[in-house]
Amino acid sequence: MHRTTLALAGFSLAVMAAAAFATEDPIKTRQSLMDANGAAAGAGGAMLKGEAPFSEAVAKSVFQTMHAVSYSFGDYFPAGSDKGKTKASPKIWEDMAGFTAALQKFQQDTDAAIAAKPADLDSFKTAFGQVTSNCKACHDKYRLSD
């Protein structure tokens, strides 16, 4: 159990640190942040699927990672960063107000998830579902398909 928590925390910190130093390349920074978010979502999903036992520490780490991403991700979409190896849709730059609103919703939901301090799988499921609904909505609208 502690291995899972430490691995997730270590990975998240490494990705966030890499993102902090990659600011000269906003595309790579965005990708690093989404890698951290994906790792957190994967850990949360594993608990929901019963592939990993519920852990309050892992739940907290999941939400803290997603929270950090929600508050930093929007800083890496300067003009011109829609060119290159990116899955960011041009719709982001065409509808920056909508994209910003989606990020604010993600921030609010991660704030609420942290404040809820889920202590069991059912309460985690509720908070996690709300937070990850933001991921899906944003990907559906602002991410290019594979």
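Every number here is computed from the coordinates shown, using simple stated rules; none is lab data. Quick caveat: nothing in here was measured; it's all calculated off a predicted structure. Every residue, glycine as well, gets a Cβ built from its backbone with ideal geometry; the counts of neighbours run over all protein chains shown.
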Exercise for review: Beta carbons within 10 angstrom, averaged per residue: use that to sort the peptides 59-72, 105-118, highest first.
Suggested key: 59-72, 105-118
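Lys and Arg at +1, Asp and Glu at -1: add these up for the other residues within a Cβ distance under 14 Å of residue 146 and post the number.
Numbers: positive: 85, 87, 143; negative: 140.
Once all neighbours under 14 Å are counted, the net charge is +2.
Going down the list 85/117; 83/125; 49/83; 105/125, which pairs span over 26 Å between their C-alpha atoms?
Numbers: 85/117 38 Å; 83/125 37 Å; 49/83 37 Å; 105/125 18 Å.
Over 26 Å Cα-Cα: 85/117; 83/125; 49/83.
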Point to revise | Mean Cα-pair separation over length for region 82-141, i.e. relative contact order, pairs under 8 Å, 6 or more apart, % | key: 32 percent
**Study point:** Neighbourhood net charge (14 Å Cβ-Cβ; Lys/Arg +1, Asp/Glu -1) for residue 48
**Key:** -1
Revision key, fill the gap. For residue 88, other-chain or 5+-apart residues with amide H closer than 5 Å (H placed, Pro excluded) are 144
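With a Förster radius of 22 Å, plug the Cβ-Cβ distance of residue 56 and residue 108 into 1/(1 + (r/R0)^6) and report the FRET value to the nearest 0.05.
Values: r = 22 Å, r/R0 = 1.01.
Calculated value: 0.50.
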Practice item. Pull up all non-local amide H partners of residue 117: gap of 5 or more, or a different chain, and H-to-H distance under 5 Å with H placed in the peptide plane. Key: none
